[in-house]
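Okay, structure first, notes after.
The values are calculated or read from the model by the stated rules, or taken from the named source; none is laboratory data. The structure presented is a predicted model; accordingly, all values stated were derived computationally and were not measured. Methodologically, a virtual Cβ is constructed for each residue, glycine included, from the backbone with ideal geometry; neighbour enumeration extends over all protein chains shown. For the accessible areas, the whole protein counts, side chains as well, though only heavy atoms, and no ligand, DNA or RNA atoms are used. Shrake-Rupley method; radii C 1.70, N 1.55, O 1.52, S 1.80 Å.
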Amino acid sequence: MLLKNFGQNQDLQPTAAYTPADEAEVLEILNRHRGQRVRAVGRLHSWSEAVLADGVLLDLRELNTVELRSEGDQLVGTVGAGCQIKRLLDELGRQGATLPSLGLITVQTVAGAISTGTHGSGRHSMSHYIVGVRLARFDGNTGEAIVEEVSEGQALRAARCSLGSLGIILSVRIRCRKQYNIQEYLGEYSSLSEVLRREPSLPLQQFFLIPWRWSYIAQHRRETDDARSWHASLYRLYWLVVMDHGLHLLILSLVRWGMIRSLVRGIFRHVLPLFVLRGWRVVDRSSSMLVMRHEAFRHIEIELFVRRDQLEEALSYTRDVLKLAGGGESSLSSRNQQRLESLGLQEDLRALQGKYCHHYPICIRRVIPDDTLISMASGAGEDWYAISFISYVKPHRRSGFFQFARFMAESMSRLFGARPHWGKVCPLSPEELEAVYPGMKDFRAVSSRLDPERVFQNPWTAELLDQASRTDDDCSH
Ligand SMILES: Cc1cc2nc3c(=O)[nH]c(=O)nc-3n(C[C@H](O)[C@H](O)[C@H](O)COP(=O)(O)OP(=O)(O)OC[C@H]3O[C@@H](n4cnc5c(N)ncnc54)[C@H](O)[C@@H]3O)c2cc1C
């Protein structure tokens with residue numbers, strides 16, 4: 001059996017695959033395959049190796065119940081691991097509730113989404129809101145499959161974002177909240193400071209650096225008590241037809257025409273801004289406002305997280321590298337030149353020159369630090385900003401994108417402490433990842449306790465945990 005992920009950059013070839021009907025069947029399958037590698041998958045919307053499964057594969061789509069309860073002054077949902085976010089939102093919506101944080105799409109499963117730290121803008125990632133995880137794993141003494149409720153301490157912080165590495169998530173308990181409305185409008189600015197200045201009054205905003213035009217288009221957003229606008233449905237139609245489909249079809253045709261660089265630059269400079277209706281203020285439900293149909297066309301993405309104090313420099317660096325990679329007449333600023341020399345990466349940049357023409361708005365989202373061990377926004381301190389690079393070229397023509405992604409991840413992790421999203425293209429080595437995720441050591445300790453035989457690993461997560469183990473040994477000598 002061969003399965004492919006959404007981005008068609010990962011092949012899964014499990015030795016056996018199951019869609020268990022309930023928890024008892026999950027335990028029965030685990031006992032039947034004792035000693036073999038087991039991985040669960042959601043809807044295969046990750047681009048990274050986290051999604052790989054080379055042994056027994058479990059798809060928990062049948063475990064999709066939703067139950068909402070008040071616990072003290074909090075609303076908590078108990079949700080089956082395989083429940084898709086869209087179904088969860090519908091079920092919560094019927095009871096006047098919703099999720100505190102959402103990514104751009106809703107087709108992921110709840111277990112898949114939290115396992116890679118899925119996030120939106122202006123809040124913590126979804127992982128942060130998890131208050132309990134029901135986990136199937138093997139008992140270290142008896143070797144039997146058991147169910148463990150993880151609800152506190154380091155184990156909970158690990159289970160909130162675990163790359164599938166602690167066991168099979170059966171269900172999660174997630175903090176919910178009453179439904180709320182968001183006001184949104186679009187604006188365009190020539191500098192980052194103009195966008196960030198608006199953040200205190202528009203804390204849910206996300207914005208886009210427009211390549212080749214080098215302006216910022218912001219989706220300004222704030223929570224409001226105002227009622228849904230009478231024209232909200234028209235706004236939804238505008239997003240669906242003009243943005244989700246019209247703009248994407250234009251970009252796809254550019255890519256299919258062989259990416260004549262001057263045409264790409266011209267379209268981004270002069271045509272793309274025509275799609276943006278500035279200043280139209282609309283109030284709509286959060287669950288409609290925060291998402292789009294980003295899964296409508298196949299693409300691939302890398303997303304790099306930097307702290308707020310690094311954002312401006314990281315974006316100036318991004319702009320310089322994109323110009324060079326796009327083959328234009330340009331050179332690095334002296335600051336960025338020095339940076340690359342200090343890393344010894346001048347040759348790598350030279351090799352990238354003219355190899356990759358970026359052709360999608362660069363989405364930038366603020367994520368508040370998470371109380372987790374290894375989600376991208378883990379660790380106290382300044383807010384994180386996720387900078388995303390998306391390519392629509394066909395899967396067999398992605399070599400330029402991968403070269404660019406590798407260069408950006410390596411250089412930005414060393415220059416700005418950037419962390420790549422666990423669910424997106426993640427080209428760093430285990431050593432490089434260890435350097436930007438200080439919580440990895442504690443994560444490994446939890447993983448070693450819950451999965452001492454490394455049954456729930458694929459080769460990629462196993463290598464990551466082995467690296468953490470080597471670093472621990474080095475430190476103890
Ligand atoms: C079009 C598109 C848009 C996206 N938008 C965003 C966005 O806005 N923000 C963002 O942060 N991310 C975004 N992503 C990334 C996506 O949210 C993550 O990759 C997410 O993990 C995918 O969920 P999934 O259900 O498909 O899980 P999969 O990709 O199938 O699995 C992801 C991980 O979860 C583990 N897992 C799944 N189920 C279980 C279980 N029951 N027990 C244990 N482990 C499990 C898997 O082993 C794997 O490690 C986007 C992806 C796409 C394709």
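Restricting attention to the range 78-93, and to residues there that are assigned to a strand (DSSP E or B) and surrounded by fewer than 23 Cβ atoms within 10 Å (Cβ to Cβ), which single residue is farthest from the ligand (Cβ to nearest atom)? Selected residue: THR78.
Each row is one residue, and each column tells you yes or no for (1) assigned to a helix (DSSP H, G or I); (2) on the phi > 0 side of the Ramachandran plot.
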{"site": "VAL76", "(1), (2)": "no, no"}
{"site": "LEU102", "(1), (2)": "no, no"}
{"site": "ILE114", "(1), (2)": "yes, no"}
{"site": "GLY117", "(1), (2)": "no, yes"}
{"site": "SER127", "(1), (2)": "yes, no"}
{"site": "VAL133", "(1), (2)": "no, no"}
{"site": "THR142", "(1), (2)": "no, no"}
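Checked against (1) surrounded by fewer than 22 Cβ atoms within 10 Å (Cβ to Cβ); (2) hydrophobic (A, V, I, L, M, F, W, C); (3) more than 28 Å from LEU464 (Cα to Cα), LEU343 passes all but a single condition, namely (3). The C-beta contact set for the range 38-54 (first residue open to solvent by less than 10 Å² (accessible area, probe 1.4 Å), second residue of a type in the set (Gly, Ala, Ser) and more than 6 Å from the ligand (Cβ to nearest atom), distance under 7 angstrom, 6+ apart or interchain) comprises VAL38/GLY55; ARG39/ALA53; ARG39/GLY55.
Pairs meeting the criteria (first residue in the range 113-133 and more than 17 Å from MET292 (Cα to Cα), second residue small (Gly, Ala, Ser) and open to solvent by 10 Å² or more (accessible area, probe 1.4 Å), beta carbons under 7 Å, at least 6 apart or on different chains) are SER115/GLY164; THR116/SER46; THR116/ALA50; VAL131/SER151; GLY132/SER151.
When GLY187 is tested against the conditions (1) closer than 25 Å to SER378 by Cα; (2) more than 9 Å from the ligand (Cβ to nearest atom); (3) of a type outside the set (A, V, I, L, M, F, W, C); (4) touching a Gly at 6+ places or on another chain (Cβ under 8 Å), the lone failure is (1).
Taking the range 144-164 as the range and being assigned to a helix (DSSP H, G or I) and either within 12 Å of the ligand (Cβ to nearest atom) or of a type outside the set (D, E, K, R) (or both) as the test, the residues that pass are GLY153, GLN154, ALA155, LEU156, ALA158, ALA159.
Mind listing whichever residues of the range 222-269 are modelled with pLDDT of 95 or more, assigned to a loop (DSSP other than H, G, I, E, B) and not charged (D, E, K, R)? If the condition is that a residue be modelled with pLDDT of 95 or more, assigned to a loop (DSSP other than H, G, I, E, B) and not charged (D, E, K, R), then ALA227, SER229, TRP230, HIS231 are the ones that fit. When you check GLY164 against the structure, is it modelled with pLDDT of 95 or more, open to solvent by 10 Å² or more (accessible area, probe 1.4 Å) and in contact with a strand residue (DSSP E or B) (Cβ under 6 Å, 6 or more places away or on another chain), yes or no? Judged against the criteria, GLY164 is a match.
Residues checked against (1) surrounded by fewer than 17 Cβ atoms within 10 Å (Cβ to Cβ); (2) touching a helix residue (DSSP H, G or I) at 6+ places or on another chain (Cβ under 6 Å); (3) over 27 Å from GLN8 (Cα atoms); (4) among the small types (Gly, Ala, Ser):
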site	(1), (2), (3), (4)
SER262	yes, no, yes, yes
GLY279	yes, no, yes, yes
ARG293	yes, yes, no, no
PHE297	yes, yes, no, no
ILE300	no, no, no, no
LEU304	no, yes, no, no
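Selection over the range 187-202 of residues that are surrounded by 17 or more Cβ atoms within 10 Å (Cβ to Cβ) and either in contact (Cβ under 8 Å) with a residue 24 or more places away in the chain or assigned to a helix (DSSP H, G or I) (or both) gives a count of 5. Every condition in (1) in contact (Cβ under 8 Å) with a residue 24 or more places away in the chain; (2) open to solvent by 40 Å² or more (accessible area, probe 1.4 Å); (3) outside any helix (DSSP H, G or I) holds for ASN31 except the one numbered (3). Within the option set ARG177, ARG221, ARG269, being surrounded by fewer than 17 Cβ atoms within 10 Å (Cβ to Cβ) and under 30 Å from VAL76 (Cβ atoms) holds for one residue only, ARG177.
Only one entry of GLY117, GLY103, GLY112 meets the criterion of being touching a His at 6+ places or on another chain (Cβ under 8 Å), within 10 Å of the ligand (Cβ to nearest atom) and open to solvent by 20 Å² or more (accessible area, probe 1.4 Å), and that entry is GLY112. Is it the case that GLN310 is without any contact (Cβ under 8 Å) to a residue 60 or more places away in the chain and open to solvent by 10 Å² or more (accessible area, probe 1.4 Å)? When the stated conditions are applied, GLN310 does not pass them.
Given the criterion more than 28 Å from GLU303 (Cβ to Cβ) and open to solvent by 50 Å² or more (accessible area, probe 1.4 Å), identify the matching residue among ARG61, ARG69. Result: ARG69 is the single residue among ARG61, ARG69 that is more than 28 Å from GLU303 (Cβ to Cβ) and open to solvent by 50 Å² or more (accessible area, probe 1.4 Å). The set of residues from the range 50-63 being outside any strand (DSSP E or B) and more than 9 Å from the ligand (Cβ to nearest atom) comprises ASP54, GLY55, ARG61, GLU62. Per the listing GLU23, GLU28, GLU71, GLU67, the residue uniquely more than 14 Å from the ligand (Cβ to nearest atom) and touching a strand residue (DSSP E or B) at 6+ places or on another chain (Cβ under 6 Å) is GLU67.
Out of LEU263, LEU290, one residue alone is on the phi < 0 side of the Ramachandran plot and in contact (Cβ under 8 Å) with a residue 40 or more places away in the chain. It is LEU290.
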